[in-house]
Amino acid sequence: MWLGCSLSGWAQGPLEPAPQKPDLVQQEESPVPTASEKTILVSKFVVTGNTLLPPEELEKAYQSYQGQSLTLAQLREVARNLTAVYQRNGYFLVRAYLPQQSIQDGQVELRVIEGKVGKVNVEGAENYDPEFIRERFMNSFEGETFRNDRFQRAMLLMNELPDLQVQAVMAPGQEVGQTDVTLRVKDATPVHGGLDYNNYGTSATGENRIGLTFDAANILQQADQLTLRGVLGFPSRENSYYQINYQTPLNDDGTTINFGYANGAFAVSQGLGAILDVRGNADIYTVAVSHPLERQLEFSSNLGLAVSHKFIRNNFFGGQQPFSRDEYNSARLTYQADWRSLNGRTLLQAAYTQGLGGTPASDPLVSRAGASGGFAKFNVDLARIQNLDTGLYALFRASGQYATQPLYVAEQFAVGGPDTVRGYPQAQLLGDNAYVLGAELRWSPIEDDLDLFQVTAFIDHGGVSLRRALPGDLPLGSHLTGAGFGFRFGLQQHATLRLDLGFPISPTPSSTGRSPALYCGLQTRF
């Protein structure tokens with residue numbers, strides 16, 4: 001049996017509830033004098049005070065009433081219909097009413113008070129600048145006009161910032177049609193550390209890995225974030241990974257830019273690789289821009305573009321004799337979407353990666369025969385979390401990659417391990433084209449704290465294929481199927497533990513000859 005643990009992998013945590021709608025204190029309709037049930041022949045409705053919607057949109061509220069004899073109650077109904085038209089277009093603070101008037105030639109006035117944001121006050125901010133929060137909120141509105149979709153977007157984006165929670169309380173403003181907003185802030189000190197462990201490595205380079213993460217926000221400007229991470233593998237002569245990322249906002253609408261650098265190094269500690277002193281080293285530089293396309297209570301989406309430079313080399317005899325070297329540039333366009341409801345959650349990520357030049361296929365040191373810097377590949381990840389009952393839900397996931405030509409080894413898709421097909425070691429199969437399917441049932445027996453303890457049962461399946469495969473490239477076959485059970489433990493947001501016991505079904509045994517495989521992952525954050 002071998003021990004392995006992972007802290008990453010999407011849809012590993014519990015299903016989070018959808019964000020709650022803020023309470024809106026809305027302005028009352030202007031009073032209209034009472035009247036008897038006598039009717040008025042209405043030839044035309046005249047709407048005053050409107051600057052937001054075109055006339056043809058307003059006509060939907062009253063067109064069928066024109067040319068009819070209406071009571072005062074029916075006239076009020078028309079005003080309510082007009083208010084509903086504004087609300088369907090996202091203007092929840094707009095009110096239409098019947099003003100006092102003398103009706104001539106059957107023309108009835110409907111007056112509109114367009115809701116606008118008045119004063120915006122910020123309360124409770126300690127680690128964020130109150131003016132930064134106020135401007136973030138106000139810049140989401142055009143001309144101070146309140147619109148529900150912009151309000152939701154502003155609130156959801158602010159609550160995505162590090163260690164920041166914002167709630168909005170609304171009340172009538174000092175002027176007619178205005179709504180004052182108080183932003184109640186809860187912000188913690190945006191400095192954190194984390195310690196994690198897993199054994200998802202390989203026996204040749206160190207199965208066990210321990211990592212340390214440090215992140216801090218508001219360093220050079222509001223809402224920026226610096227992340228430092230280091231990972232060491234053991235037992236191993238050398239197995240390390242270091243990463244530094246700096247992310248900062250580009251505007252008040254959620255667009256960010258990220259600068260990153262990562263370095264990984266390993267030395268084979270067992271078998272022939274140890275005798276030949278096989279070592280590897282990789283440097284990766286990345287600049288990425290991300291923008292939130294949609295932010296709603298039930299749906300959100302992002303668009304991202306990343307440009308990377310990668311330099312990966314492997315050597316014999318402690319670096320004296322190279323046997324593979326890839327150096328290339330690439331661009332990756334990513335779309336992410338998240339649908340949420342009371343019944344569950346659906347996650348989608350689609351990406352297109354285009355090589356921008358690099359080590360040619362003719363280079364004798366290229367890591368894969370036929371690979372070059374002009375590659376292109378498509379990736380899709382899809383997951384569905386379905387609520388079945390209180391504390392019981394199912395998880396379905398599918399991932400895939402399609403490449404147009406042979407890929408560098410670093411761009412291939414790995415199948416096998418805790419986040420693809422459990423029961424097998426990490427990256428038992430590598431392929432240019434690949435797919436992974438998985439189904440999982442989770443049960444939380446402690447109703448008072450559903451995250452504290454969960455039991456899970458799962459089945460995974462995946463396969464790979466190669467562009468221009470050479471004989472012997474897939475010695476164990478091109479498909480893996482595994483199943484098993486596991487446990488999840490969670491202590492609020494401070495610590496999580498994952499244990500999975502995976503049994504190889506086909507082929508059996510795995511490439512390590514061990515069955516079953518026990519994966520274990522621990523993560524802490526403070």
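The values are calculated or read from the model by the stated rules, or taken from the named source; none is laboratory data. Not measured: the values here are computed from a predicted model. Here the Cβ positions follow ideal geometry from the backbone for every residue, glycine too, while neighbour counts run over all protein chains shown.
Residues of the range 223-241 being among the acidic types (Asp, Glu) and at pLDDT below 95, which ones? Result: Glu238, single match. Listed by first and then second residue, the pairs with beta-carbon distance under 6 Å, at least 6 apart or on different chains, first residue in the range 200-212 and of a type in the set (A, V, I, L, M, F, W, C), second in a loop (DSSP other than H, G, I, E, B), are Ala204/Val268; Ala204/Gln270.
Exactly one residue among Pro190, Pro235 is under 25 Å from the mean Cα position of the chain (by Cα) and either touching a residue at least 24 places away in the same chain (Cβ under 8 Å) or within 22 Å of Gly319 (Cα to Cα) (or both), and that residue is Pro190. Against the numbered list (1) of a type in the set (A, V, I, L, M, F, W, C); (2) at pLDDT 95 or above; (3) surrounded by 15 or more Cβ atoms within 10 Å (Cβ to Cβ), Ala427 comes up short only at (2).
Rundown of residues vs (1) touching a helix residue (DSSP H, G or I) at 6+ places or on another chain (Cβ under 8 Å); (2) under 28 Å from Leu333 (Cα atoms); (3) surrounded by 15 or more Cβ atoms within 10 Å (Cβ to Cβ), yes/no style:
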residue: Gly206; (1), (2), (3): no, no, yes
residue: Gln222; (1), (2), (3): yes, yes, yes
residue: Pro249; (1), (2), (3): no, yes, yes
residue: Leu293; (1), (2), (3): no, yes, no
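In the range 371-390, the residue that is surrounded by the most Cβ atoms within 10 Å (Cβ to Cβ) out of those that are part of a loop (DSSP other than H, G, I, E, B) and in contact with a Gly (Cβ under 8 Å, 6 or more places away or on another chain) is Phe375.
Flag set for Gly254, criterion: surrounded by 15 or more Cβ atoms within 10 Å (Cβ to Cβ) and small (Gly, Ala, Ser). When you check Leu272 against the structure, is it closer than 22 Å to Gly201 by Cα and without any contact (Cβ under 8 Å) to a residue 40 or more places away in the chain, yes or no? Answer is yes for this residue. Evaluation of Pro509 against the conditions (1) out of contact with any Asp or Glu (no Cβ under 9 Å at 6 or more places or on another chain); (2) closer than 28 Å to Glu411 by Cβ shows that the sole unmet condition is (2).
Yes/no per residue for (1) of a type in the set (A, V, I, L, M, F, W, C); (2) touching a His at 6+ places or on another chain (Cβ under 7 Å); (3) closer than 13 Å to Arg134 by Cα; (4) assigned by TED's automatic domain parsing to the domain that holds Gln87:
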residue: Arg147; (1), (2), (3), (4): no, no, no, no
residue: Ala154; (1), (2), (3), (4): yes, no, yes, no
residue: Leu164; (1), (2), (3), (4): yes, no, no, no
residue: Val176; (1), (2), (3), (4): yes, no, no, no
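Annotation note: of Thr508, Thr481, the sole residue that is of a type outside the set (A, V, I, L, M), over 30 Å from Ala188 (Cα atoms) and part of a loop (DSSP other than H, G, I, E, B) is Thr508.
Scanning the range 72-122 for residues that are in contact (Cβ under 8 Å) with a residue 60 or more places away in the chain, in contact with an Asp or Glu (Cβ under 7 Å, 6 or more places away or on another chain) and of a type in the set (Val, Ile, Thr) returns a single hit, Val117. Candidates Ser367, Ser300: the one that is surrounded by 18 or more Cβ atoms within 10 Å (Cβ to Cβ), of a type outside the set (Asp, Glu) and within 19 Å of Thr404 (Cβ to Cβ) is Ser367.
Considering the range 257-275 alone, what residues qualify as being among the aliphatic types (A, V, I, L, M), farther than 30 Å from Leu226 by Cβ and either under 25 Å from the mean Cα position of the chain (by Cα) or exposed (fewer than 15 other Cβ atoms within 10 Å of the Cβ) (or both)? Hits for the range 257-275 are Leu272, Ala274, Ile275.
Exactly one residue among Gln405, Gln454, Gln401 is surrounded by fewer than 20 Cβ atoms within 10 Å (Cβ to Cβ) and either among the polar types (S, T, N, Q) or assigned to a loop (DSSP other than H, G, I, E, B) (or both), and that residue is Gln405.
Number of residues in the range 217-232 that are without any contact (Cβ under 8 Å) to a residue 60 or more places away in the chain and part of a strand (DSSP E or B): the value is 8.
What residue, of Gly417, Gly502, Gly462, is at positive phi, touching a residue at least 24 places away in the same chain (Cβ under 8 Å) and not aliphatic (A, V, I, L, M)? Only one candidate qualifies: Gly417. Exactly one residue among Leu395, Leu441, Leu430 is within 29 Å of Tyr328 (Cβ to Cβ) and aliphatic (A, V, I, L, M), and that residue is Leu430.
Note on the range 292-302: residues that are out of contact with any Phe, Trp or Tyr (no Cβ under 6 Å at 6 or more places or on another chain) and in a strand (DSSP E or B) total 7. Report whether or not Glu447 is of a type in the set (Asp, Glu), out of contact with any His (no Cβ under 9 Å at 6 or more places or on another chain) and within 28 Å of Thr334 (Cα to Cα). Answer is no for this residue.
The residues listed here are Ala331, Ala351; of these, the one that is in the same structural domain as Val409 (by TED's automatic domain parsing), in a strand (DSSP E or B), surrounded by fewer than 15 Cβ atoms within 10 Å (Cβ to Cβ) and in contact with a strand residue (DSSP E or B) (Cβ under 7 Å, 6 or more places away or on another chain) is Ala331. Counting only residues that are among the hydrophobic types (A, V, I, L, M, F, W, C), out of contact with any strand residue (DSSP E or B) (no Cβ under 8 Å at 6 or more places or on another chain) and within 19 Å of Ile219 (Cβ to Cβ), the range 127-160 holds 1 of them.
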